[in-house]
Amino acid sequence: MVFNVSHFQQAADYPLGIIVQIQDISDRKKIEASLLHTAYHDALISLPNRVYFREQLAKAIARVKRNPSTQFAVMFLDFDRFKSVNDSLGHSAGDQLLIGFSKRIQAALRPTDMVARLGGDEFAVLVEDVQLGDNALELATGLQEMSREPFQTGDTEITSSASIGICYSAPRHETPDDVIRDAVSAMYKAKAAGKAQHAVFDLSPHGRASADLQLENELRHAIALGELRLHYQPQHRFGDRSLYGYEALIRWAHPKRGLLYPATFLALAEETGLIFPIGKWVITEACQEMKRWREAGHQQGDMLHMSVNISSREFNQPNFVPFVISTLTDAQIPASLLTIELTESAFMDGTQGGVAALSALRAAGIKISIDDFGTGYSSLSYLATLPIDSLKTDHSFVNKMTETAEAKEIVRAIATLGRALGKSIFAEGVETEAQWRTLLELGCDYGQGNLCSPAISADEITQRISTSRIIRLAP
Ligand code: C2E
Ligand code: MG
Ligand code: MG
């Protein structure tokens, strides 16, 4: 309801009369709202349309530019045999399929996610704040399962499937169309790989080889199928060679290819975002294993340390710190027994937010170590500001140390620098007695390598625990 009041004047100083206009605009508001709905929604299935999706995507791009430690993903979804449904069963059956599917998607999304119909049989999902263990890939798998479940139209049951292209936000994305283009390109890759699959957009000129796509699909299921393993390499004190703890190193017991090492699959995991659920699994499993060893009466008992490796993508996740702390709490492990290892280059890739996360972990008592130290390009002044407890010299220096004077001098320089900054020094890849003696001389604190033991399975360690208990209990 609107009141319009106008003065009706004849002479300059006083009004002759007042006209009051009363108008009911509720109908107009309704029409405006309805026009807005039509402009932003798809007529058939009442989902947001392309116009609305692009607007929301533009906002998401702006948010990520303001706060680069956050990330979103866009999934572009296309039905695999939609044309044949339309051709063989008629358009109304096709419409029923789209309506049924849109209902299923809406029910599966979090309130912060958004789905839109971009046209024809194409849908797009905007997943805001892609986070640790809660990422677009899991959702994509869920959507695919939903698309495969039969749809009922009248007496007919339609079975279909969808191909999904996933694109994570990246600094190169300036406009919504940049993101949609990349997601569409990934969707075509998924179709080319045999349909009913999902693929993540890859920047390399020709995209990844199909072998990689196959590996990606297998890796996606490796956690659920229990194919991932942690092997543990003992770490010893240089002084008396007593056991300090273990470094957890990931392996994949591939059903056809045997035991795979991280060099085969970690880069792919990082590129595709699978590193989030994998990293979560690694931390949980390492802590739980530690708990089991403590309970089984491991000789080192309460003083057993555990190191886990994490990638820069992981520690830049907003949820990372609370996740690590709650995992330790669940396993009843004191924070001071866990070391997070990050490579020197991961430190250099890290954001301000990521470095703040490391400070928060350290404040909680968790130790931070720079892995493969000496292979990156961190400046000495930057190093002094980092929230770290130890440096781990790269095995390439240890390896060449007894052959070339330069390698030995590099290790000496690292040890001197570390001590001056109050950090502990780890050496990895120690293979010979000569290397061990030199590292001891140079002042390293902890060492690991094939000389003492390669990484071994949890079962083997459990076995050793029970053997050592038997020995200790023997009269
Ligand atoms: P890293 O953390 O520097 O681990 C040391 C690597 O050296 C391990 O390789 C280990 O098996 C190997 N090694 C140990 N002793 C010797 C030795 O005496 N001689 C030689 N030549 N090599 C030795 P691995 O297990 O293949 O791991 C490679 C890298 O993959 C690791 O390097 C680490 O950066 C990464 N990685 C392993 N597990 C994980 C994980 O759970 N998460 C993440 N993000 N990265 C991981
Ligand atoms: Mg390491
Ligand atoms: Mg290393």
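The values are calculated or read from the model by the stated rules, or taken from the named source; none is laboratory data. Everything numeric here is computed off the predicted structure, so don't read it as measured data. All Cβ positions, even for glycine, are placed from backbone atoms using ideal geometry, and neighbour counts span all protein chains on display. The accessibility values were calculated without ligands, DNA or RNA, using every heavy atom of the protein model including side chains. Shrake-Rupley method; radii C 1.70, N 1.55, O 1.52, S 1.80 Å.
Out of everything in segment 379-394 that is in contact with a strand residue (DSSP E or B) (Cβ under 8 Å, 6 or more places away or on another chain) and either open to solvent by 20 Å² or more (accessible area, probe 1.4 Å) or small (Gly, Ala, Ser) (or both), what residue ends up being nearest to GLU247 (Cα to Cα)?
SER390
Would you please name the residue that is farthest from LEU391 (Cα to Cα), looking only at residues in segment 410-449 that are of a type in the set (D, E, K, R) and either within 13 Å of ligand 1 (Cβ to nearest atom) or outside any helix (DSSP H, G or I) (or both)?
GLU433
Anything in segment 232-285 that is modelled with pLDDT of 90 or more, assigned to a helix (DSSP H, G or I) and either open to solvent by 60 Å² or more (accessible area, probe 1.4 Å) or within 16 Å of ligand 3 (Cβ to nearest atom) (or both)? List them, or say none.
LYS280, VAL282, listed by residue number.
Inside segment 121-202, counting only strands (runs of 3 or more DSSP E) that do not spill past its ends, which hold 1 or more residues that are more than 17 Å from the chain's Cα centre (by Cα) and at pLDDT below 85?
Counting at least 1 such residues, we get 151-153, 156-158.
Identify the residue in segment 367-378 that is within 14 Å of ligand 2 (Cβ to nearest atom) and open to solvent by 30 Å² or more (accessible area, probe 1.4 Å) and, among all such residues, is farthest from ALA413 (Cα to Cα).
LYS367
Can you find a residue that is assigned to a helix (DSSP H, G or I), open to solvent by less than 10 Å² (accessible area, probe 1.4 Å) and within 14 Å of ligand 1 (Cβ to nearest atom) anywhere in segment 303-317?
Kept after step one, since they are assigned to a helix (DSSP H, G or I), are these residues of segment 303-317: 303, 312-315.
Going one step further and asking which of them are open to solvent by less than 10 Å² (accessible area, probe 1.4 Å), we end up with 314-315.
Then keep just the ones that are within 14 Å of ligand 1 (Cβ to nearest atom); that gives 314-315.
Checked segment 303-317: at least one residue is assigned to a helix (DSSP H, G or I), open to solvent by less than 10 Å² (accessible area, probe 1.4 Å) and within 14 Å of ligand 1 (Cβ to nearest atom).
Can you pull out every residue in segment 415-425 that is touching a strand residue (DSSP E or B) at 6+ places or on another chain (Cβ under 9 Å) and open to solvent by 10 Å² or more (accessible area, probe 1.4 Å)?
Across segment 415-425, the qualifying residues are LEU417, ARG419, LEU421, LYS423, SER424.
In segment 361-389, which residues are within 13 Å of ligand 1 (Cβ to nearest atom) and at negative phi?
Across segment 361-389, the qualifying residues are SER369, ILE370, ASP371, PHE373, THR375, GLY376.
So which pairs qualify, if the first residue must be in segment 332-354 and more than 14 Å from ligand 1 (Cβ to nearest atom), the second must be modelled with pLDDT under 95 and charged (D, E, K, R), the Cβ gap must be under 9 Å, and the two must be at least 6 apart or on different chains?
Going by the 9 Å Cβ cut-off, the qualifying pairs are GLN332/LYS291; GLN332/ARG294; ILE333/LYS291; ILE333/ARG294; PRO334/ASP302; LEU337/ASP302.
Got at least one residue in segment 312-324 being within 30 Å of MET401 (Cα to Cα) and of a type outside the set (Lys, Arg)? First the steps, then the outcome.
Taking segment 312-324 first, the residues within 30 Å of MET401 (Cα to Cα) are 312.
Now restrict to residues that are of a type outside the set (Lys, Arg): 312.
Taking every residue of segment 312-324 in turn, at least one turns out to be within 30 Å of MET401 (Cα to Cα) and of a type outside the set (Lys, Arg).
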